[in-house]
Each structure stands twice: as C-alpha cells, then as structure tokens.
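Engineer: Attaching a single structure in structure tokens format; questions to follow.
All of the numbers you see were taken from the coordinates with simple rules; none came from a lab. Remember, predicted model here, so these are calculated numbers, not experimental data. Using ideal geometry, Cβ is built from the backbone for each residue, glycine included, and neighbour counts are taken over all protein chains shown.
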Amino acid sequence: MIDVKVLRDNPDVVRASQKARGEDVSLVDKALAADEIRRAAIVEFEALRAEQNTLSKSVGAAKGDEKAVLLEKAKSLSAAVKEAEAKKNSTESDFKKVAMEISNLVDTAAPIGGEADFKVIEEVGTPRKFDFAPKDHVELGKILGAIDTERGAKVSGARFYYLTGVGALLELALVNYAIASATKAGFIPVIPPVLVKPAAMEGTGFLGQAAENVFHLKEDDFYLVGTSEVPLAAYHMDEILDAKSLPLRYAGYSPCFRREAGSYGKDTRGIIRVHQFEKVEMFSFCAPEQAAEEHKRLLQWEKDFLNAMEIPYRVIDVATGDLGSSANRKFDCEAWIPTQNAYREVTSTSNCSEFQARRLNIRTRGDNGTSPVATLNGTLVAIPRMIVSILENHQQADGSVTVPQALQPYLGTNRFLPVG
C-alpha cells in the first residue's frame with residue numbers, strides 16, 4: 001500500500017507512477033476523494049466522542065432533575081457516537097479498498113515502458129557454439145530418463161511433469177546447493193506453508209493484477225502460493241521488529257503453484273511454463289534506506305548461483321509496465337537456452353520498498369515511533385527452468401550431460417549418461 005502522506009502531498013508523483021505502469025491513473029483521484037470523506041468522518045466521530053466523555057463526567061457530578069436531563073442527553077449522544085463510529089469504519093474501509101488498488105511507486109531509475117522495453121545491464125558468459133545439432137530439454141530428458149511430461153499429462157493434465165532418476169536427483173542437488181549457499185550468506189532456511197489465508201495473499205499484492213494466476217480453494221478459502229515470497233512476507237505480519245535485528249533474511253523452499261492464465265499456446269513443450277514447481281526464494285526485511293543496496297546484494301547472490309551453474313546469462317532492468325504491483329524495481333536474470341536461441345528468465349529480484357509492509361502491518365520501532373520496514377525478494381533457484389538451462393547448455397553429442405562442478409559433490413558424478 002502506498003504512503004498516504006505521499007498520496008496527499010504529491011498526488012502527481014502517484015499519477016505519474018500509475019501512468020508509467022500503464023495502470024488506471026483515475027484511482028489516485030478516487031483515493032484522494034475517499035480520503036477526504038474518511039478524514040471528515042474521523043473528525044466527526046472524535047468530536048462526538050470527546051463530547052460524550054465530557055458529558056459522562058458531568059453526569060457523575062449532577063443530581064436530581066439535572067442528572068435526569070443529562071442522562072437523557074447521554075443516551076442520545078451515545079447513539080450518535082455509535083452512528084459516527086460506523087460511518088468512520090465504513091469510510092475507512094472504502095478508502096482502503098481504493099488505495100489497495102494503487103500499485104507501488106516505481107523507482108525513477110526503472111526503464112519506462114512495457115515488457116519489451118527492458119534495459120540490458122550486463123551479459124555474462126558466451127553462448128556455446130555446438131559442433132552438433134543440440135537437443136532440447138524434452139529430448140534430453142527422455143534420453144537420460146530424467147523428465148516425463150507424457151505421464152505428467154496423463155495423470156494431471158497439460159503443464160505437469162514427472163522428474164525421474166537423475167532428474168529427481170538434480171532437483172535435490174539444486175535445492176541443497178541453494179540452501180547451503182543461502183545459509184552461508186546468512187539467510188535463515190525456512191520451509192513455509194503453501195496454503196495461506198486471503199490476508200497473506202492480498203498483503204503481498206497477489207490478489208490484484210496477478211489474481212488470475214492464483215489457485216484458490218473456495219471451500220476452505222485458502223490460496224495455493226505461487227512463490228514462498230507470500231508466506232515469508234506474511235511471517236512477521238502484525239509485528240514490530242527490532243531495528244537492531246535488521247536485515248532479517250530468510251531462504252524459503254517450497255512447491256509453487258501457478259494457473260498460467262493467459263499463456264495459452266506459449267511454452268507448451270517441456271517444463272519451462274508449468275503449473276507446479278519447486279523454488280528456493282530469498283526474502284529480506286530491512287530498513288527502507290538500506291533497500292536499494294540490499295536489492296543489489298540479492299541480485300549478486302542470484303548471479304553467483306548462475307555463475308556456479310556455468311551457464312551464460314544476462315541481467316535486465318525490467319520496465320515499469322512489467323514490474324508487478326508490489327515492486328518498485330526488478331532485475332531479471334535470463335539464462336541462454338540454446339535450442340530457442342534466446343535468453344529466458346530463470347530468476348528475478350524485486351525491491352518492494354515499504355509497500356508490502358504497510359499492507360501486512362510490519363513495522364520497526366525507532367526514535368520517532370514505529371514505521372514500516374522494506375521488503376525484498378529474489379529467486380535463488382526455480383527448479384524447472386534451471387534444469388532446462390543445465391541440460392541444454394551442458395549437453396554432449398552422445399546425449400550425455402556434464403554436471404557443473406558446484407553440483408558434483410551433491411550428485412556424486414560429473415556426467416549424466418543416457419539410460420538403456
């Protein structure tokens with residue numbers, strides 16, 4: 001949720017941010033109008049309550065007929081206070097509803113535009129030149145006995161898959177390496193719940209523009225998370241954190257679920273775009289003034305991971321129209337996929353500033369009272385796309401795949417061999 005003070009004092013900044021995102025600018029004026037009504041209702045309620053308190057003291061000191069008159073007045077005033085309180089609560093709810101629809105203020109350093117208007121920050125490594133026709137990950141998965149999309153579709157439908165044999169072992173190796181790396185960097189490992197209440201999903205900003213990709217269990221009113229960012233962000237919901245404990249860094253490992261609405265016809269082959277996958281997610285709570293530097297640190301940890309996988313990749317600065325409602329700036333790391341002759345996103349990191357913390361009521365206490373913390377997230381490894389990247393980039397002419405050195409201790413081998 002955006003800062004109400006910024007909304008009141010600098011509405012043009014909020015309008016410019018909404019425009020840069022390609023979102024509804026009129027929400028700003030609607031929120032301002034709702035705020036005026038809300039503030040008037042609060043003033044009315046507090047004035048009546050103050051009058052009620054004063055009258056209550058007078059009743060205690062009065063006697064006889066005077067007391068009877070005051071009691072009658074108190075009864076009437078009590079009804080007015082209740083009515084004013086109901087009006088205050090209603091107007092506060094109306095304001096919150098509109099304000100929650102406004103996305104985070106974009107960082108002025110983020111490129112303006114849509115999905116295609118990103119800025120390439122750097123390219124790391126050189127895409128490999130093959131002296132044979134490279135196979136895609138689906139074919140390699142069959143040769144190695146590692147990926148079975150046909151039985152995944154038979155059992156669960158399109159965009160589901162089995163990881164078998166070395167495929168399953170590769171996932172476990174990636175997770176163990178990621179958690180070991182995160183722990184070494186000072187992150188607290190977490191295995192969070194993946195069914196969350198509406199407050200957690202709404203608080204992290206996934207029930208707005210991203211709602212179409214969320215699985216909802218209506219009977220129980222639970223949501224299946226699309227990333228452990230959700231339960232990690234909500235971990236300290238309604239809490240006041242010790243400023244001296246910041247930054248608090250967590251690394252969550254969990255299954256993730258995405259409907260992939262609107263992706264009909266996209267990435268239908270293989271495991272690049274699926275409904276269920278595992279991921280290790282970094283999450284940080286820090287002081288707002290430290291958020292930009294913390295964002296750079298999360299990006300560096302992602303780059304370190306990709307460097308260890310020995311995969312060519314590039315880093316892009318995501319444009320404002322493709323940020324997602326909670327992020328004010330986002331960097332994506334895109335791995336080179338040989339058979340697609342293209343870079344594809346494998347990790348991303350977002351600075352959400354105080355936006356999520358305001359929605360989730362997560363604060364820290366300082367000399368000037370309590371204030372929201374900043375929250376940041378970053379994917380350390382999303383399993384399917386990392387498996388795609390490793391298989392395709394490290395494949396050999398005979399169908400075998402060399403194992404990155406960093407994963408060899410976890411797998412006990414330096415090469416995956418064809419089965420059969």
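Engineer: Ranked by Cβ crowding within 10 angstrom, fewest neighbours first, how are E202, E294, E85, E229 ordered?
Structural biologist: The order, fewest Cβ neighbours first, is E85, E202, E294, E229.
Engineer: From the phi of every residue in the stretch 269-281, what ³J(HN,Hα) in whole Hz does the Karplus formula 6.51 cos²θ - 1.76 cosθ + 1.60 yield, where θ is phi - 60° and glycine or proline is x?
Structural biologist: 9, x, 10, 6, 10, 10, 8, 9, 7, 9, 8, 10, 10
Engineer: OK, next. Say each of K73 and S400 gets a label point 7 Å from the Cα, pointing the same way as Cα to Cβ; how far apart are those two points in nm?
Structural biologist: It is 9.7 nm.
Engineer: Quick check: residue separation of V124 and R269 times 0.36 nm, minus the Cα distance between them. What number comes out in nm?
Structural biologist: Full extension of this stretch gives 49.5 nm more.
Engineer: In whole Å, what is the distance between the alpha-carbon centres of the stretch 370-418 and the stretch 183-234?
Structural biologist: 24 Å
Engineer: Where does the chain land at 222 nm, in deg cm²/dmol rounded to the nearest 500, when only DSSP H runs of n ≥ 4 count, each adding -39500 (n - 2.57), divided by all residues?
Structural biologist: -13500 deg cm²/dmol
Engineer: Can I ask one more? Taking the beta-carbon count within 10 Å as an exposure proxy, list W336, W301 from fewest neighbours to most.
Structural biologist: Final ranking by Cβ density, sparse to dense: W301, W336.
Engineer: Let me ask something else about it. Starting from the amide H of S348, placed 1.01 Å from N in the peptide plane, find each other amide H under 5 Å away whose residue is 5 or more places distant or on another chain.
Structural biologist: Amide H neighbours of S348, under 5 Å, 5+ apart: C333, T379.
Engineer: Provide K30, K296, K135 in ascending order of the number of other Cβ atoms located within 10 Å of each residue's Cβ, fewest first.
Structural biologist: K296, K30, K135
Engineer: Find how much the distance from A40 to S245 grows on full extension, using 0.36 nm per residue of separation minus their present alpha carbon separation; answer in nm with one decimal.
Structural biologist: 69.9 nm
Engineer: A further question on this structure: Relative to the first principal axis of the alpha-carbon coordinates of the chain, what is the inclination of helix 166-184, with its axis defined by its Cα atoms, in degrees from 0 to 90 and to the nearest 10?
Structural biologist: Helix 166-184 sits at roughly 50 degrees to that axis.
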